Every structure is written in structure tokens, then in C-alpha cells.
Amino acid sequence: MARFEFEYTVIDNKADLSREERELVEQAFDAAAQLSYAPYSSFKVGAAVLLENGTIVPGSNQENAAFPASICAERVALSAVSVLHPGAKIRSIAVAYQKDNLSEAMAHTVLSPCGTCRQSIAEYTARQKQPIALLLCSATGPVYRINNAMDLLPFSFGAEML
Ligand code: THU
């Protein structure tokens, strides 16, 4: 039987993040609170992309009355990197969300990128030929650190197939 496993770090206290990671996480929360356009779901998502040169690029979900035309925070941030910092390499992406009336359990649940965003992150990983780390945030609980976003997309489809 073949088996797929990966390791990730659960950081229960934000004080245990590095200073750089803490800043990235804060910017993801700020993007969710201030930049999200989510009138339909009221689920506000923020992303913050850390480039190799230390620049942080935010993103937020942008919904549309025609629901499928909505775009997730992660892909908004990645597209911003492409046009504002062409060729820049990405070190990590923090993702956070804000939602009213969260249960205690939900407030401790981290947000994990949707399948389409995972595929987009895979494309950027392939383009830059180096892994992208993820910091997945819950509202008031832990942050998960995943060193290589590709771990979330095993058996992925990629350019090598074409
Ligand atoms: N959303 C994101 O922006 N990122 C994710 O990783 C998951 C979902 C957005 C899309 C939509 O605007 C709202 O959250 C509810 O699905």
C-alpha cells in the first residue's frame, strides 16, 4: 500500500511565530478586516504574500453577484504579485479570515486554501522552482505552518503533463 503523509507545525501562541511571520499574519488579518469585499458570504478572507526581498503583498476575497465570478484572497494576492513585482520569488503566504458569530470550535479552525487556489499556488511554485510556505490562521486559535504548499496538493496536475 502506498501512503502519503506530510508534516506541519501547529503554533498555538502567535508569540511563537518569528517576528517576520507575525507581521505577515497580522497583514493577512488586516486584509481580511479592511480589504475584503464579501457582501454575499460575509466570510472575509485576507492573504499576505511575503516576497524574497521582504515586501508583503496583500490580497482579499472579491465576491460577485454572479457567485462563480468571485475570486479568493490567495489568487488576488498572487495576481497582484505577478503584475506589481514581476519575477519576484515568493517565500510564504499567510491566510486569515473574519466571520461574525464564530463558535468556539470554528474560531480554532484554520482556513485552508480551496482547490483552485492550491492549483494556482502550485503554478507559482513551479514557476519559481522553489517551495512556498503557508501560514494558515484561525480566528483566535492556532496557526499552522506548512513548509511546502505542494504538500496540500498531492498528485497534482502540472505543465510536465502537457
Ligand atoms: N475564500 C477565499 O478567499 N479563500 C479561501 O481559501 C477559501 C474561500 C472566499 C471565497 C468566498 O468569497 C468566501 O471565501 C466564501 O467561500
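Can you classify the stretch 9-152 as rounded, prolate or oblate using the Cα gyration tensor, where a ≥ b ≥ c are the square roots of its eigenvalues, rounded means a/c under 1.5, and otherwise it's prolate if a/b beats b/c and oblate if not? Since a/c reaches 1.5 but b/c is at least a/b, the shape of the stretch 9-152 is classed as oblate. Counting every other Cβ atom within 10 Å of each residue's Cβ, Val76, Val95 order from fewest to most as Val76, Val95.
Among Ile121, Ile146, Ile71, the largest mean-square fluctuation in a Gaussian network model of the chain, built with springs joining Cα atoms closer than 10 Å, belongs to Ile71. Electrostatic bookkeeping for Cys137 treats Lys and Arg as +1 and Asp and Glu as -1; over the other residues with beta carbon under 14 Å from its beta carbon, the sum is -2. Applying the criteria of a DSSP loop state and at most 10 other Cβ atoms within 10 Å to the chymotrypsin sites (Phe, Trp or Tyr not before Pro) of the stretch 1-110 yields Phe4.
Taken together, the values in this text are just the output of simple stated rules run on the coordinates, not laboratory data. Because the structure is predicted, anything quoted here is derived from the model rather than measured. Virtual Cβ from ideal backbone geometry, glycine too; neighbours counted across all protein chains shown.
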